[in-house]
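In what follows, a structure is listed as structure tokens, so that the remarks can point back to it.
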Amino acid sequence: MTKPILVVTSRYTKEVEERIDRDYNARRNPNQFPFSQEKLLFVAEGAAALFITPADRLDSGFFQKVSPTLKIIATYSVGFEHIDLEAAARRKIPVAYTPGVNSEATADIAMLLLLGASRRAYEAQELVRTGAWRPLSPDMLLGWQVGGKVLGILGMGRVGQAVARRARGFGMRIHYCDPSKLPAEIVGDAVYHENPSDLLRVSQFLSLNAPETPQTRHFLNSKTICLLPAGAIVVNTARGGLVVDDDLIAALKSGRVAAAGLDVFEGEPKLHPEYVSLKNTFLLPHIGSATIETRTAMGMLALDNVEAVLNGGTAPTLVPGSSRENILAAGRKE
């Protein structure tokens, strides 16, 4: 029996790669950098499925030209901003993603950023790595304790809830803002704020865990930063687009924001160069889900989605708005 053709645009963990080799005729990207759109269209000719990452940008032009054999696109991500979902629906191509499996790993990184920023870990490590470490006076490299402080969480989904559980272990008090108040059995004694501005006013630490939408894009800007307590610490493991970089950098320079821990950046892998020049930033290269366990689970879920659709079913985790009904409705409108 001929194996279906699967276009694979990146490299994955051993278990995921073995499953790809076993079940599919894989067309792989041999390079470290993403396919150009022209190249991706070429390798997708005659393919049944695409297995992509956020580095692969699928715009309306892509969907106008892509092979009619394509039955599903599986993105190895929780976000799907890199895909024109309306254009996919017009071509009746379902889009699936990998939600729910990266929340624990991402929450670990949120706490790493929170602690690294609050305890000036970049500056401390720089002393060790450059050989500049000398006996420190008692007033050098003073950071900020997290115990007893308010952690404001914008977005109390799976990741936000996992961050809250970890932060409680450090003695932090949890406040949150979400579209609706969550049951106490989920959030415990966390304090709910319907208005994000009210959350900001009490957040000595702020963790951004909301998806990037038209409503949340550039949420943290000069006006909202001014609502934070003086000397607040900001952590972002969600999306770089939630932050206006120039405004946060200005606040970090002035001390209005004491420190920031960032794992995501607008326009990544490029980032605003001034972040790198600041001592009060703790920066990571979007490694929120980068554990063997999580990356394997994400890959397996992506392949589960592909397998389900190619076998005539529905992907277990379709992107919202990418349901069979919505796709058929889009088709009827053509």
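Restricting region 198-237 to residues that are open to solvent by less than 40 Å² (accessible area, probe 1.4 Å) and of a type in the set (Ser, Thr, Tyr) leaves a set whose member that is nearest to residue 251 (Cα to Cα) is 224. So residue 141 ticks every box in (1) within 25 Å of residue 285 (Cβ to Cβ); (2) modelled with pLDDT of 95 or more but one. Which box is left unticked? In the conditions (1) within 25 Å of residue 285 (Cβ to Cβ); (2) modelled with pLDDT of 95 or more, residue 141 misses (2) alone. Against the test of being aliphatic (A, V, I, L, M) and not in a loop (DSSP other than H, G, I, E, B), the options 182, 115, 142, 70 yield a single qualifying residue, 115.
The set of residues in region 144-190 that are surrounded by 12 or more Cβ atoms within 10 Å (Cβ to Cβ), touching a Lys or Arg at 6+ places or on another chain (Cβ under 8 Å) and free of Cβ contacts under 8 Å to residues at least 40 places away in the same chain comprises 172, 173, 174, 188. For region 67-75, the criterion of being surrounded by fewer than 21 Cβ atoms within 10 Å (Cβ to Cβ) and touching a His at 6+ places or on another chain (Cβ under 8 Å) is met by no residue. Selection within region 261-300: residues that are over 13 Å from the mean Cα position of the chain (by Cα) and acidic (Asp, Glu). The member of this set that is least open to solvent (accessible area, probe 1.4 Å) is 274. Here region 17-56 is the region considered, the condition is being over 23 Å from residue 312 (Cβ atoms) and touching a residue at least 40 places away in the same chain (Cβ under 8 Å), and the residue that is most open to solvent (accessible area, probe 1.4 Å) is 55. Residues in region 275-308 that are free of Cβ contacts under 8 Å to residues at least 60 places away in the same chain and touching a strand residue (DSSP E or B) at 6+ places or on another chain (Cβ under 9 Å): 275, 276, 278, 304, 308. Among the residues of region 301-331, the ones that are open to solvent by 40 Å² or more (accessible area, probe 1.4 Å), part of a helix (DSSP H, G or I) and at pLDDT below 95 come to 4 in all.
The values are calculated or read from the model by the stated rules, or taken from the named source; none is laboratory data. Remember, it's a predicted structure, so these values are computed and weren't measured experimentally. Please note: Cβ atoms are built from the backbone with ideal geometry, for glycine as well, and neighbour counts cover all protein chains shown. Side chains are part of the model used for accessible areas, which takes the heavy atoms of the whole protein and leaves out ligands, DNA and RNA. Shrake-Rupley method; radii C 1.70, N 1.55, O 1.52, S 1.80 Å.
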